[in-house]
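Nothing in this text is a laboratory measurement; each read-out follows from the coordinates by a stated rule. None of the values given here were measured: they were computed from a predicted structure. Here the Cβ is made from the backbone with ideal geometry for all residues, glycine too, and neighbour counts use every protein chain on show.
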Amino acid sequence: MSLVVNNNMMAANTARTLNQHYGRLAQSTQRLSTGLRVNSAADDAAGLAIRELQRAEIAALQQGARNANDAISLIQTADGALGVIDEKLIRLKELAEQAATGTYDSTQRLMIESEYQAMASEITRIANATDFNGIYLLNGNLSSDEHNGSGMVSTGKLKIHFGSSNYSAEDYYYITIGDCTASALGVGNQADPDTAKAYTVSTQEAAQHALEGITQAIVSKDKIRAHLGAMQNRLENTITNLNVQAENLQAAESRISDVDVATEMTEFVRNQILTQSAVAMLSQANSLPQMAMQLIGG
């Protein structure tokens with residue numbers, strides 16, 4: 001190579017090498033500081049696309065688990081109210097049994113009837129008052145087999161959505177809760193007098209019929225509670241599965257996106273040494289044209 005003063009090719013080559021090493025050092029610094037191997041599409045375009053889809057899936061699954069937990073809370077609210085209704089039905093059964101015997105006169109029987117109707121009214125009050133986040137649970141609003149979610153407020157059976165897509169077999173199912181008012185259960189004077197056996201206990205004969213009607217009401221209520229219990233168990237299993245799915249997706253996303261710190265630290269030290277070496281060599285290369293000046297001066 002000729003000794004020239006116009007172009008210092010050694011310095012130019014060293015500067016180019018320095019820029020390359022410095023760029024790799026900057027990339028290693030960014031990866032180590034963020035903990036991510038893929039910080040932009042330039043790092044890995046395909047990996048970035050897969051990662052963002054996985055992140056969206058993970059976020060949806062985690063929210064789905066929260067949705068299922070909210071549904072469990074709703075079911076527990078309904079079941080708690082049904083437990084109170086259960087106590088009222090047991091008291092109605094007791095009152096009917098009391099009124100079915102012949103040792104009471106009309107005045108005493110009317111006292112029994114008064115408490116009987118008060119208990120039936122309390123059942124209706126509980127059914128109409130029990131709600132979760134403004135959704136009334138036991139008044140028959142959720143007893144329909146149809147669901148309409150096109151409006152601001154959904155109607156019919158309750159749709160619980162927990163999956164990340166919209167497939168009925170995998171991503172959601174419905175909760176129905178029967179009408180638990182006294183009239184629906186067939187007890188008290190709010191029920192249909194022509195069909196309800198437990199309409200009144202004001203007479204000995206009516207009280208004897210009421211014993212059968214209250215038993216039917218307890219069975220109807222127990223079916224509702226059993227359905228809710230089964231749905232709660234199903235939701236708990238769903239939550240477990242959603243958490244497992246989210247965990248596995250996070251592991252997959254980590255393998256694509258996260259930096260291997262040990263490997264990247266090795267690369268960082270290598271590029272740091274090469275950068276320092278290039279800086280030293282650039283200083284030496286920049287001093288080479290002075291040799292030509294010595295010849296000229298000589």
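Quick look at the values:
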{"item": "Global geometry of region 164-298, whether rounded, prolate or oblate, following the gyration tensor of its Cα atoms and the 1.5 cut on a/c", "result": "prolate"}
{"item": "Nearest-20 debye value, the chain charge dipole, Cβ charges on Lys, Arg, Asp, Glu", "result": "1560"}
{"item": "3J(HN,Hα) from dihedral phi, region 120-134, Karplus parametrisation 6.51/-1.76/1.60, rounded to Hz, x for glycine, proline", "result": "5, 5, 5, 4, 5, 4, 5, 5, 7, 9, 6, 9, 9, 6, x"}
{"item": "Candidates Ala252, Ala71, Ala12, ranked by Gaussian network fluctuation over the chain, Cα under 10 Å, top entry", "result": "Ala12"}
{"item": "Tally of Lys pairs whose C-alpha atoms are under 25 Å apart, taken over the chain, 8 or more apart or cross-chain", "result": "12"}
{"item": "Long-range HN-HN contacts of Val187 with modeled amide H, under 5 Å", "result": "none"}
{"item": "For Ser143, distant residues with modelled amide H under 5 Å away", "result": "Ile177"}
{"item": "(i) 0.93; (ii) 1.01; (iii) 2.03, with the label sought being that of the calculated Cα Rg over 2.2 N^0.38 Å", "result": "(iii)"}
{"item": "Under the Karplus curve 6.51 cos²θ - 1.76 cosθ + 1.60, θ = phi - 60°, whole-Hz ³J(HN,Hα) for region 218-235, x wherever Gly or Pro sits", "result": "5, 5, 4, 5, 5, 5, 5, 5, 5, 4, 5, x, 5, 5, 5, 4, 5, 5"}
{"item": "Sorted by Cβ density within 10 Å, fewest first, the residues Val84, Val153", "result": "Val153, Val84"}
{"item": "Burial ordering of Asp222, Asp79, fewest other beta-carbon atoms within 10 Å first", "result": "Asp222, Asp79"}
{"item": "Which of Thr275, Thr103 has the fewest Cβ neighbours within 10 Å, and the rest in rising order", "result": "Thr103, Thr275"}
{"item": "Hz values of 3J(HN,Hα) by residue in region 27-40 - Karplus curve (6.51, -1.76, 1.60), Gly and Pro given as x", "result": "5, 4, 4, 5, 5, 5, 6, 8, x, 10, 6, 10, 9, 8"}
{"item": "Rg [Å, one decimal], Dmax [Å, integer] - region 186-238, C-alpha atoms", "result": "15.6, 51"}
{"item": "Exposed GluC sites (Glu not before Pro) absent: longest stretch of the chain, with sites in DSSP loops and at most 13 other Cβ within 10 Å deemed exposed", "result": "1-145"}
{"item": "The chain: most fluctuating residue of Met152, Met119, Met281 per GNM, C-alpha cutoff 10 Å", "result": "Met152"}
{"item": "Cut-off under 5 Å, modelled amide H: who pairs with Leu138 long-range", "result": "Thr130"}
{"item": "Within region 47-257, percent of DSSP bridges classed antiparallel, to nearest 5", "result": "90"}
